[in-house]
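A short write-up of the structure that comes next.
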Amino acid sequence: MAKKKAHLLGFVQHGVNSHATGMWRHARDKINWDWSRPPYWQHLARTMERGLFDAMFIADELAPYNNYQGSSDATVKYAVQCPVHEPSTIVPIITTATTHLGVGVTLSTAFEHPYSMVRRLSSLDHLSGGRIAWNIVSSYSKSEWDAYGVEMTQRAGRYERMEEYMELCYKLWDSWEPDAIVADRGSGVFADPDKVHEVNHEGEFFRCRGRSFVYRSPQGRPVLWQAGSSDRGRDFAARHAEAIFAVHPNVERMREYTDDLNHRLESRFNRKANSVKRIYGVQTVVAPTRSEAQEKYRQIQECIPLEGALAWISGHFGPDFSKYAPDDIIQNIEIPGIQGLFDSIIYARGGAPVTVREAALIYAEGMGMPRLVGTPADIVDQLEHFMDAGGADGFMLAATYTPGCFEEFVDLVVPELQRRGRYRSGYAHASLRENLLED
Ligand SMILES: Cc1cc2nc3c(=O)[nH]c(=O)nc-3n(C[C@H](O)[C@H](O)[C@H](O)COP(=O)(O)O)c2cc1C
C-alpha cells in the first residue's frame, strides 16, 4: 500500500505572540515585520503556499485570560496570547496574496447568532474561491464570558447549544440551491425564489426566520473543523467535523485518539473510519546540524517567563495556578477549560508525575505538542512515525519565532518530506476541501 502523504498547516494567531509564550522577545522574531499590518500576513501566506501547506490556521480567543491571581495583569504583562486582533479580518489579505492556500479561522459560537456566522463564513468562502475552514469553538475561558457580560455555562450545556447551532447553520447553508441564480437579463429574473428556501427554525436556543443573505458559496459551506477533546467534544467532532486538530504528547496517545475517533465514527455516527482528517500538533526546531538545532531550542526556552507560563495554563485550564506551589504535582482532575490539552501536560513525561512548574514551562513552549528538535531528517523520521504508528494524517505546526520558523520549515523540512514521497509536489485542486481531504 502506498504510504500516506502528510498534510501541513501553519498554526498562528492574529496577535503579537501565538502558542509559544515569550516569542515576541526572541532575537529572530518579526524582524522588520509589523504583525498588525497586511504585509506580514501576505508574506506568511506566500511562505506557506510556497511550502504547499493546506492552510494557515488561525486560533482565537475573545478576551485576555483573567484567572491567574484573579486578574489579567500577567496576561497583558507577558503577552500571553495578548493582544489578539479579530481573526476573520486577515482572511481576505491571506487569500488575495495566494491562489491555493486555505485559511482555517476560529470563530466562537458563544456570542454570535448562527445567521451572522453563516453570512460571514460564506462571504469569506466566496472571496477566497472556496478556501475557508471554520474551527468551531464555544468559548471555554471565563474571561470571554466576563467580557461579554454573560454567565459562563457548563461544558455539557455549551455542547447542547452547539448542536442546535450547527443544525441552524446547515439549514442556512442549504438555503440557496446550487442553481437558484438564473440571471436572465431578458425576463429580468435574477434568482428563482422556489430555489431559495426560507429557514424557519424554532429551537431551544435559537429562532430564525428568513432566507440566507448569501448565495451558495464555492464549497457550499466551509470545511468544518473541530478541536474538542473531552468525551462530549469528541462526539461533537465525530458527528460534524471533516478535520480534527488534536494535541498529544507522544505517539501512543495519538494512536489511542485515532482509534477512539474511528470507533465513534463507525459505532455512533455511521461514518467511515478514517473519513475525518486527523491533524496532530507538533512544534519543530530545525537546523542543518543537531547541535545548531539544540542551541536554537535553548534560545527559545530562554524566552519563556515562568509567570507568563502560569498565567497561560490558568487561562487554558481554568484553575488559578498561583494558588499552587511550583513543586506541587499536577493532579488528573476534570477542569473547566480545555480538557484535551490538559491531558497533554498530564502525560508530558510519559505518565511520570509532572510538577506545576514543569507543566507550565512545557506547555508554554508549544501548548504541549511534541517538540521535534534536529536536522530535517530527524524531524521527518518523527513525522513519519506519527503518521505510520500514530495515525496522523498531517500536522499543525506551532509557531516559535515568525515568520522565520515557517521559512525554515519550508526550506529545510518540506524538501526532505518530498524526497521520501511523503508530501505533495503541487496542489491538485482548487478548493481547500478537495486538497485537505485527499489522501
Ligand atoms: C488543539 C486545540 C486547539 C484549540 N484551539 C482553540 C482556539 O483557538 N480557540 C478556542 O476558543 N478554543 C480552542 N480549543 C478549545 C476547543 O475547541 C474546545 O472548545 C474546548 O476544548 C472545550 O471543549 P472540550 O472540553 O471538549 O475540549 C482548542 C482545543 C484544542 C484541543
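The values are calculated or read from the model by the stated rules, or taken from the named source; none is laboratory data. Please read all numbers here as calculations on a predicted model, not as lab measurements. Every residue, glycine among them, receives a Cβ derived from its backbone with ideal geometry; neighbour counts consider all protein chains shown.
Does A2 satisfy being in a loop (DSSP other than H, G, I, E, B) and either at pLDDT 95 or above or acidic (D, E) (or both)? Here the answer is no, as A2 does not meet what is asked. Taking the criterion of being among the acidic types (D, E) and surrounded by 16 or more Cβ atoms within 10 Å (Cβ to Cβ), the residues of the stretch 31-57 that qualify are E49, D54.
The set of residues in the stretch 21-60 that are among the aliphatic types (A, V, I, L, M) and away from the ligand (no atom under 16 Å from the Cβ) comprises M23, A27, I31, L44, A45, M48, L52. Might you check whether a residue that is within 16 Å of the ligand (Cβ to nearest atom) and outside any helix (DSSP H, G or I) occurs anywhere in the stretch 283-292? Yes: the stretch 283-292 contains one or more residues that are within 16 Å of the ligand (Cβ to nearest atom) and outside any helix (DSSP H, G or I). Of a type in the set (G, A, S), assigned to a loop (DSSP other than H, G, I, E, B), closer than 26 Å to R155 by Cβ and within 15 Å of the ligand (Cβ to nearest atom), is that true of G368? For G368, the condition - of a type in the set (G, A, S), assigned to a loop (DSSP other than H, G, I, E, B), closer than 26 Å to R155 by Cβ and within 15 Å of the ligand (Cβ to nearest atom) - is met. For the stretch 181-204, check the following and say yes or no: at least one residue is farther than 30 Å from R424 by Cβ, assigned to a helix (DSSP H, G or I), touching a residue at least 60 places away in the same chain (Cβ under 8 Å) and out of contact with any strand residue (DSSP E or B) (no Cβ under 8 Å at 6 or more places or on another chain). For the stretch 181-204, residues farther than 30 Å from R424 by Cβ, assigned to a helix (DSSP H, G or I), touching a residue at least 60 places away in the same chain (Cβ under 8 Å) and out of contact with any strand residue (DSSP E or B) (no Cβ under 8 Å at 6 or more places or on another chain): absent.
Would you mind stating whether A238 is within 15 Å of the ligand (Cβ to nearest atom), out of contact with any strand residue (DSSP E or B) (no Cβ under 8 Å at 6 or more places or on another chain) and among the aliphatic types (A, V, I, L, M)? So A238 fits the description; yes. For the stretch 1-19, a residue qualifies if it is among the hydrophobic types (A, V, I, L, M, F, W, C) and either more than 14 Å from the ligand (Cβ to nearest atom) or surrounded by fewer than 16 Cβ atoms within 10 Å (Cβ to Cβ) (or both), and the qualifying residues are M1, A2, A6, L8, V16.
Contact map, the stretch 22-37: first residue closer than 22 Å to E302 by Cβ, second residue of a type in the set (F, W, Y) and in a loop (DSSP other than H, G, I, E, B), Cβ cut-off under 7 Å, separation 6 or more or different chains; pairs are G22/Y78; M23/Y401; H26/Y401; R28/Y401; D29/Y401. Please work out if P92 is more than 27 Å from A428 (Cβ to Cβ) and either within 13 Å of the ligand (Cβ to nearest atom) or of a type outside the set (K, R) (or both). The answer is no for P92. Pairing residues of the stretch 238-252 that are part of a helix (DSSP H, G or I) with residues that are of a type in the set (G, A, S) and more than 12 Å from the ligand (Cβ to nearest atom), at Cβ distances under 9 Å and at least 6 apart in sequence or on separate chains, gives V251/A389; V251/G390; V251/A392; E252/G350; E252/A389; E252/G390. Considered as a group, the residues in the stretch 329-346 that are more than 21 Å from the chain's Cα centre (by Cα) and at pLDDT below 85 include one that is nearest to the ligand (Cβ to nearest atom), and that residue is E334. Candidates are the residues of the stretch 377-408 that are assigned to a helix (DSSP H, G or I) and in contact with a Ser or Thr (Cβ under 6 Å, 6 or more places away or on another chain); the one that is nearest to D60 (Cα to Cα) is F406.
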